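A.B. asks: I am attaching a structure below and will ask some questions about it afterwards.
The numbers here are math on the coordinates, done by the rules we state, and not lab data. Just so it is clear, the structure is predicted and the values come from calculations on it, not from any experiment. Here Cβ is always computed from backbone atoms with ideal geometry, including for glycine, and neighbour counts include all displayed protein chains.
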Amino acid sequence: PPAMRPGPDERRRLAEAAVATLAGNWTGAATLPSRTQYPHQWSWDSAFIAIGLARVDQDRAQRELLGLLRAQWDTGRLPHIVYGDTEDESYFPGPGFWDSRGVPDAPAVRTSGIVQPPVHARAALTVCTRAGDEAAALRFLAEAYPKLAAQHRYLLERRDLDGGGLACIVHPWESGTDNSPAWDPFLTRFTEARSLFVRQDMVHVPADERPSDADYSAYIALAESYRDIGYDDLKLLDKHGFTVEDPLFNAILLDGELCLAEIARRLGRDPGPHLRSARAVHRGLMERLWDDERGTFVARDVRTGVRGTAATVSGFAPLLDPWLPADVRDRLVGLLLSPAFMGGCGHPVPTYDLREPNFDRRRYWRGPTWVNTNWLLWVGALRAGRPDIARTISASTLGLVGRSGFREYFDPVDGGGRGACDFSWSAALALDMLA
Ligand code: 9WN
């Protein structure tokens, strides 16, 4: 039976627990994704966290985003981890690995050298929309806008390697969906990292809920490769072995450009350039990533033009695109509702096609249900004119956190909690869905 939206008492209990979880992970300057597993500030986590905080604490929501944006590189690159001043070395790779201080355009604060999906413009607009104090909200937008615009410019100019309209990712960590089966075909050449390293990610989470050792070798090899070309995107096509266009990353980029257009409007600026960029991403998505045979969007290697075949949750993210042709939208919705995804398990939306032999209900992005991808599909379903699907997704998500707590991800078959506990974006986005 479809999940029921929780009643008022349960909603109150969940909201209080979510606020307490976010308070427990707040350092005074930023919200950690999880105190034990991820003891630094992460880029797209902070965007999701700000969206939830906007409902309960405007000041902290704004500080979360502005603090992250202060770690931006001169080129506009917004790093995926901000290490700050903490001496906590329990997370690998740490700041020494990336050596950002050795790069001329990097800021004084220590950061990683890669990016994550740009949900930040959507977060900034959401924060502003929910602010009680309109003048303060506009001051916040005025401060954030040039930085967000630079972040997008970096992605649209330096990461569009052949003018096809899409930004590429240069590492699976940049997708935010690290070990998704979408990346498997593009990782076969990376078996060995050059340096010796010790994984530190399986102290608090069982090994079978995390990426494999082979995945980690590839992650470190690719991070070394990008670091050793000085994070120079002009050298990517010649010297780097992973340049992939991801439908989730690009759908978020498109949505972000639409949000920047709205922010520009509110600040009395010209929204035109953002609307044109959004259109270009739309064309890139349709021309390059739509797989008419499978009826979903898939990943593509920029260098070879070869497309992946895996149907993952990321393929549904273009529901955020308001210009999706009706037949494409309908086929996408059909697959989403089918036994491969929402129709095939009690606790949707699984990250991977349930019928695939290598679907893994425990392992990270290879099967489990995540609150952030559910949140994105919730927004996408509303935009696609399917409030019924949006309601099912939010009720099911609230059911999961109600029953298993604010875990990092969930078993889509039995609803059990997996990964880190007291995970910030699960709490933040539940708060948003509760409202
Ligand atoms: C690598 C912090 C991050 C999320 C990612 C998620 C996971 C890191 C890791 O945790 O990635 O960036 O060590 O596994 O995949 O989406 O931002 O919550």
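A.B. asks: Please sort by residue number the trypsin sites (Lys or Arg not before Pro) in region 293-400 whose DSSP state is loop and whose Cβ has at most 14 other Cβ atoms within 10 Å.
C.D. replies: Numbers: sites: Arg294, Arg300, Arg303, Arg307, Arg329, Arg331, Arg355, Arg361, Arg362, Arg363, Arg366, Arg383, Arg391; in loops: Arg294, Arg303, Arg355, Arg361, Arg362, Arg363, Arg366.
For trypsin sites (Lys or Arg not before Pro) across region 293-400 that sit outside H, G, I, E and B with at most 14 neighbouring Cβ atoms in 10 Å, the list reads Arg355.
A.B. asks: So how far, in whole Å, is the C-alpha centre of region 270-344 from the one of region 155-174?
C.D. replies: Using only Cα atoms to place each centre, the spacing works out to 16 Å.
A.B. asks: Continuing with this model, one more query. At a temperature of 25 °C and a viscosity of 0.890 mPa s, determine how fast the chain diffuses translationally according to Stokes-Einstein, using the Kirkwood radius over alpha-carbon pairs as Rh; express D in µm²/s, rounded to the nearest whole number.
C.D. replies: Using the Kirkwood radius from Cα pairs, D works out to 114 µm²/s.
A.B. asks: Taking the Cα centre of region 286-363 as origin and charging only Cβ (+1 Lys, Arg; -1 Asp, Glu), how large is the dipole, in debye to the nearest 20?
C.D. replies: For this selection, approximately 320 debye.
A.B. asks: Quick one: compute the contact order of region 161-229, relative version, from alpha carbon pairs under 8 angstrom and 6+ residues apart, as a percent. Working shown, then result.
C.D. replies: Values: 39 pairs, mean separation 28.1, N = 69.
Contact order relative to length: 41 percent.
A.B. asks: If the only charges are +1 at each Lys and Arg Cβ and -1 at each Asp and Glu Cβ, what is the size of the charge dipole of the chain around the Cα centre, to the nearest 20 debye?
C.D. replies: Charge dipole, the chain, about its Cα centre: 800 debye, nearest 20.
A.B. asks: Next question. About its Cα centre, how strong a charge dipole does region 121-243 have in debye, to the nearest 20, once Lys and Arg get +1 and Asp and Glu get -1 at the Cβ? Walk me through the intermediate numbers first.
C.D. replies: Working: 14 positive and 20 negative charges, 74 e Å.
About 360 debye.
A.B. asks: Could I ask something else about it? Going by C-beta contacts inside 10 Å, put Asp246, Asp238 in order with the fewest on the left.
C.D. replies: Asp238, Asp246
A.B. asks: What is the set of long-range amide H partners of Thr312 at a cut-off below 5 Å, with H atoms built 1.01 Å from backbone N?
C.D. replies: Close amide H contacts, sequence-distant or interchain: none at all.
A.B. asks: To continue, here is another question. When the Cα atoms of region 297-414 are enclosed in a convex hull and the volume is divided per residue, what value in Å³ results?
C.D. replies: 108 Å³
A.B. asks: Each residue of region 350-355 in order: what ³J(HN,Hα) in whole Hz does its phi give by Karplus 6.51 cos²θ - 1.76 cosθ + 1.60, θ = phi - 60°, with x for Gly and Pro?
C.D. replies: 3J(HN,Hα) across region 350-355, in whole Hz: x, 6, 8, 3, 4, 8.
A.B. asks: Oh, and also: Put +1 on the Cβ of every Lys and Arg and -1 on every Asp and Glu Cβ in the chain; which of Leu324, His347, Trp44 then has its Cα farthest towards the positive end of the dipole?
C.D. replies: Selected residue: Leu324.
A.B. asks: If contacts are Cα pairs under 8 angstrom and at least 6 residues apart, what is the relative contact order of the chain in percent?
C.D. replies: Over the chain, the number comes to 19 percent.
A.B. asks: Moving on. Can you put Cys421, Cys128 in order of Cβ neighbours within 10 angstrom, beginning with the fewest?
C.D. replies: Ordered from fewest to most neighbouring Cβ atoms within 10 Å, Cys421, Cys128 come out as Cys421, Cys128.
A.B. asks: I need the phi-derived Karplus couplings for region 60-65: 6.51 cos²θ - 1.76 cosθ + 1.60, θ = phi - 60°, integer Hz, Gly and Pro marked x.
C.D. replies: With the stated coefficients, region 60-65 comes to 5, 4, 5, 5, 4, 6 Hz.
A.B. asks: Oh, and also: So how do Met342, Met202, Met286, Met4 line up by other beta-carbon neighbours within 10 Å, fewest first?
C.D. replies: Met4, Met202, Met286, Met342
A.B. asks: Can you tell which of Leu267, Ala124, Ser180 lies farthest toward the positive end of the dipole of region 43-347, using +1 and -1 charges on the Cβ of basic and acidic side chains (Lys, Arg; Asp, Glu)?
C.D. replies: Checked the options; the winner is Leu267.
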